[in-house]
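Undergrad: If you scroll down you'll find the structure; I have some questions about it.
Values quoted throughout were computed directly from the atomic coordinates according to the rules given, and no laboratory measurement underlies them. Since this is a predicted model, take the numbers as computed values, not measurements. Cβ placement follows ideal geometry from the backbone for every residue including glycine, while neighbour counts extend to all protein chains displayed.
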Amino acid sequence: MIGFAMCASYCTHKDSLKLLHSICQKHEVIPILSENAYSTDTRFGTAAQLILELETITGHKVIHTIKDAEPLGPVTALECLIICPCTGNTLAKIASGITDTSVTMAAKAHLRSDRPLLITLASNDAMCANLKNIAELLNKKNVYFTPLQQDDIIKKPHSLVADFSKAESALEYALERKQMRPLFLEANK
């Protein structure tokens, strides 16, 4: 069973859902939403639509509270937890050991069971405020990243986003306890 957590990088939800469809062809998946993703309507869609789509694709109720995420390590053993998309805010919290959301609790509970966590990052500040957190997590046992690239080197020079087309392969690497390489890809132009 795979855990699939989504944070509030709303512009990447479409890519995340496409990935989720593909993963569900091979694995049973438990969906997890951050509190913001669970409750916020945006120009990319409504929260109710997102919840319905996740529950339809996976056949499971969405986990969206700290209380419901806590058993995802000791009680509900996941083969891997994917955070897709993972925001810079969530990345910083995981790197700092802060557990104050459903997604950070899922990550903490999962990692304490010594199983792989795959981060599929989408962050506008990844190459400034969050670069140290990427480095911190690369040094942690059982934490892996989907390969990253700059998505707009002119308008968003500090932004990094995972290459969602490589996320399923990155999952297979993480299940083997390996980091997919190269980690940093050529920037989109």
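Undergrad: Can you give the helix-only mean residue ellipticity at 222 nm for the chain, where every DSSP H stretch with n ≥ 4 adds -39500 (n - 2.57) and the sum goes over all residues, rounded to the nearest 500 deg cm²/dmol? If you can, show how the numbers build up before the last one.
TA: Values: 8 runs with 69 residues, N = 189.
The per-residue figure over the chain is -10000 deg cm²/dmol.
Undergrad: Out of the DSSP beta bridges found with both residues in segment 2-175, what percent are antiparallel (nearest 5)? It would help to have the intermediate numbers written out before the result.
TA: Values: 5 of 22 bridges.
Given both bridge residues lie in segment 2-175, the antiparallel proportion sits at roughly 25 percent.
Undergrad: What whole-number distance in Å separates the alpha-carbon centres of segment 141-167 and segment 63-137?
TA: Here the two parts' Cα centres lie 16 Å apart.
Undergrad: Okay, next question. For segment 85-98, in order, what is each residue's ³J(HN,Hα) by Karplus, 6.51 cos²θ - 1.76 cosθ + 1.60 with θ = phi - 60°, in whole Hz (x at glycine and Pro)?
TA: x, 9, 7, x, 4, 5, 4, 4, 5, 5, 4, 9, x, 8
Undergrad: Another question, then. Please give the net charge around SER102, taking every other residue with its beta carbon less than 10 angstrom from that of SER102, where Lys and Arg add +1 and Asp and Glu add -1. Write out the running numbers ahead of the final one.
TA: Numbers: positive: LYS67; negative: GLU35, ASP68, GLU70, ASP100.
So the surrounding residues net to -3.
Undergrad: Could you work out the Rg to Rh ratio of segment 2-175, with Rh taken as the Kirkwood radius (inverse of the mean 1/r over all Cα pairs)? The partial results should precede the final answer.
TA: Values: Rg = 14.6 Å, Rh = 15.7 Å.
Rounded to two decimals, Rg over Rh is 0.93.
Undergrad: What number comes out for the charge environment of PRO31, summing +1 per Lys or Arg and -1 per Asp or Glu over other residues with Cβ under 13 Å away? Numbers along the way, then the final one.
TA: On the way: positive: LYS61; negative: GLU28, GLU53, GLU55, ASP68.
Residues close to PRO31 contribute a combined charge of -3.
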